[in-house]
1. Within 24 Å of residue 170 (Cβ to Cβ), in contact with a helix residue (DSSP H, G or I) (Cβ under 9 Å, 6 or more places away or on another chain) and within 16 Å of the ligand (Cβ to nearest atom): does that describe residue 62?
2. Look at residue 245 and say whether it is closer than 30 Å to residue 276 by Cβ and at pLDDT below 95.
3. Which is away from the ligand (no atom under 16 Å from the Cβ) and under 14 Å from residue 47 (Cα atoms), of 80, 89?
4. Select from region 213-233 the residues that are more than 9 Å from the ligand (Cβ to nearest atom) and in contact with a strand residue (DSSP E or B) (Cβ under 9 Å, 6 or more places away or on another chain) and list them in ascending order.
5. Restricting attention to region 136-157, which residues are within 13 Å of the ligand (Cβ to nearest atom) and either within 15 Å of residue 182 (Cα to Cα) or touching a strand residue (DSSP E or B) at 6+ places or on another chain (Cβ under 8 Å) (or both)?
6. Residues of region 125-165 being part of a helix (DSSP H, G or I), over 8 Å from the mean Cα position of the chain (by Cα) and within 25 Å of residue 303 (Cα to Cα), which ones?
7. Just one of (1) out of contact with any strand residue (DSSP E or B) (no Cβ under 7 Å at 6 or more places or on another chain); (2) not assigned by TED's automatic domain parsing to the domain that holds residue 264 trips up residue 167, so point out which.
8. Does residue 28 fit the bill of being more than 15 Å from the ligand (Cβ to nearest atom), modelled with pLDDT of 95 or more and closer than 30 Å to residue 82 by Cα?
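The values are calculated or read from the model by the stated rules, or taken from the named source; none is laboratory data. Because the structure is predicted, anything quoted here is derived from the model rather than measured. FYI the Cβ positions are ideal-geometry reconstructions off the backbone, even for glycines, and counts take in every protein chain you see.
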Ligand code: NCD
């Protein structure tokens, strides 16, 4: 069917085949390094970021520029008419009339779905509340595939704040499209994966287990996907204080693991990974962030239906 003209609200809007086609295109872009293209020179991408972002916004912008396209947009609603009380739907309607596709990040779950209903042009979810972050999951899957040559058959741990981190929820959903050998869900008891995500894992027949500490499982793992405690999503600051600093990935822990063990993280990281890990053979997160550009270039060409 192809992705041309489609919205991407959840990673489950794509099939495994569509993701694999995307990864092949990303491989092509990555092989050609920092080449510039004129593939999207008639296109404008709107970047509507109501929540903070570094990588997602700037890598979409880089991707669009390398493809010869233009971007418009804002980071933070303070500078827009939202500060005057304009509704999300009115803002989206306007952007839809200026641009050929919209990337939206918003603190409210369902914001991207609503925007996709309002806009004629494709809407790409750049993160909505604690729910979805499909383009991050594309990068996560691509990174695993590049590092291991496969996603199937691996032992993957999702670790940290599994309750509020949309990247963890979204990657869990994404893995239902593949055949990981086993999924280890590792978090403090207050931050376990939400039931609606577990239900999707159950329905897809993904084998998983729930753990309180990586110490118990590190020897089994190929990949540890770590997330930051999402302080800003806690309804009660006291609840955050109870879990603050409750887990930390150290070099000593990783040394207990298998050879070839890799640590991924969507970034930003705060204090959940010991600094010494950054320069070790375990750290894949900076490479993962760099692959955000070819993956998003691939996504944009597929959505605009352009041959690479
Ligand atoms: C994440 C997000 O916004 O969900 N950042 C990203 O896009 N790489 C992760 C986070 O904020 O912890």
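1. Values: within 24 Å of residue 170 (Cβ to Cβ): yes; in contact with a helix residue (DSSP H, G or I) (Cβ under 9 Å, 6 or more places away or on another chain): yes; within 16 Å of the ligand (Cβ to nearest atom): yes.
Taking the combined requirement at face value, the residue satisfies it.
2. Details: closer than 30 Å to residue 276 by Cβ: yes; at pLDDT below 95: yes.
Against the criterion (closer than 30 Å to residue 276 by Cβ and at pLDDT below 95), residue 245 qualifies.
3. Numbers: 89 fails: under 14 Å from residue 47 (Cα atoms).
That would be 80, the only listed residue that is away from the ligand (no atom under 16 Å from the Cβ) and under 14 Å from residue 47 (Cα atoms).
4. Correct list: 213, 214, 216, 217, 218, 220, 221, 222, 223, 224, 225, 226.
5. Answer for region 136-157, where residues must be within 13 Å of the ligand (Cβ to nearest atom) and either within 15 Å of residue 182 (Cα to Cα) or touching a strand residue (DSSP E or B) at 6+ places or on another chain (Cβ under 8 Å) (or both): 136, 140, 143.
6. Step one: of region 125-165, the residues part of a helix (DSSP H, G or I) are 134-148.
Add one more test, that the residue is over 8 Å from the mean Cα position of the chain (by Cα), and what stays is 141-148.
Of everything in region 125-165, those that are part of a helix (DSSP H, G or I), over 8 Å from the mean Cα position of the chain (by Cα) and within 25 Å of residue 303 (Cα to Cα) turn out to be 141, 142, 143, 144, 145, 146.
7. It fails just one condition, (2).
8. So residue 28 fails the test.
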